[in-house]
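Enquirer: So that we are looking at the same thing, I have put the structure below in structure tokens.
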Amino acid sequence: MKRIFHKISSFLMAIVVLFSTMSFTVDMHYCGDTLMDSAIFYKAENCGMVMEKSTSNSDCNITINDCCSGEQIVIDGQDELKISFDTLTFDQQLFVASFVYTYINLFEGLEENVTSYRDYAPPLVFRQIYKLDETYLI
């Protein structure tokens, strides 16, 4: 049981470290005020109404506003990980060590089922008490 708990806690700590150091981008494409597509880790697809900018002709000088827009949210992860137990005081180190020790031993199982009443016989019934009081369940 102790090994299983140790493996689970190591796995969870690895996941915490992974997600705290990972950077990712959320890309969103809006058509007007409506969200058309969103994507994580890659570019969102457009809705097909994006107007391409053409080279300006000297004969025609028309500007058309594009109704589509894109938005990117970049979430940066942590760059450096420092494990600094040097900055903990002795009292803090003592607390962490005792907490970990007691928490691990909390899940330690017993080798066999211990029953404290196995060596004792049940009391002998010499009268039936419900008949003495004359109360019956119906």
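The values are calculated or read from the model by the stated rules, or taken from the named source; none is laboratory data. Everything quoted here is computed from the prediction, not taken from an experiment. Neighbour counts are summed over all protein chains in view; Cβ atoms, including those assigned to glycine, are modelled from backbone coordinates with ideal geometry.
Enquirer: Criterion first (loosely packed, with under 10 Cβ neighbours inside 10 Å and among the charged types (D, E, K, R)) does D33 satisfy it? Walk me through how you get there before you give the answer.
Expert: Numbers: loosely packed, with under 10 Cβ neighbours inside 10 Å: yes; among the charged types (D, E, K, R): yes.
So D33 passes the test.
Enquirer: Got at least one residue in segment 34-42 being among the aromatic types (F, W, Y), in a strand (DSSP E or B) and modelled with pLDDT of 75 or more?
Expert: To start, the set of residues in segment 34-42 that are among the aromatic types (F, W, Y) comprises 41-42.
Still in the list and also in a strand (DSSP E or B): none.
Among the residues of segment 34-42, not one is among the aromatic types (F, W, Y), in a strand (DSSP E or B) and modelled with pLDDT of 75 or more, which makes the answer no.
Per-residue answers, yes or no, for (1) under 26 Å from the mean Cα position of the chain (by Cα); (2) at pLDDT 75 or above; (3) in a helix (DSSP H, G or I); (4) on the phi > 0 side of the Ramachandran plot:
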| residue | (1), (2), (3), (4) |
| --- | --- |
| L88 | no, yes, no, no |
| L94 | no, yes, yes, no |
| S98 | yes, yes, yes, no |
| T102 | yes, yes, yes, no |
| T135 | no, no, no, no |
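Enquirer: Consider segment 1-33. How many of its residues are without any contact (Cβ under 8 Å) to a residue 60 or more places away in the chain, part of a helix (DSSP H, G or I) and more than 17 Å from the chain's Cα centre (by Cα)?
Expert: The number of residues fulfilling the criteria is 2.
Enquirer: Assuming T63 fulfils every condition listed in (1) part of a helix (DSSP H, G or I); (2) at pLDDT below 75 apart from one, which condition is it?
Expert: (1)
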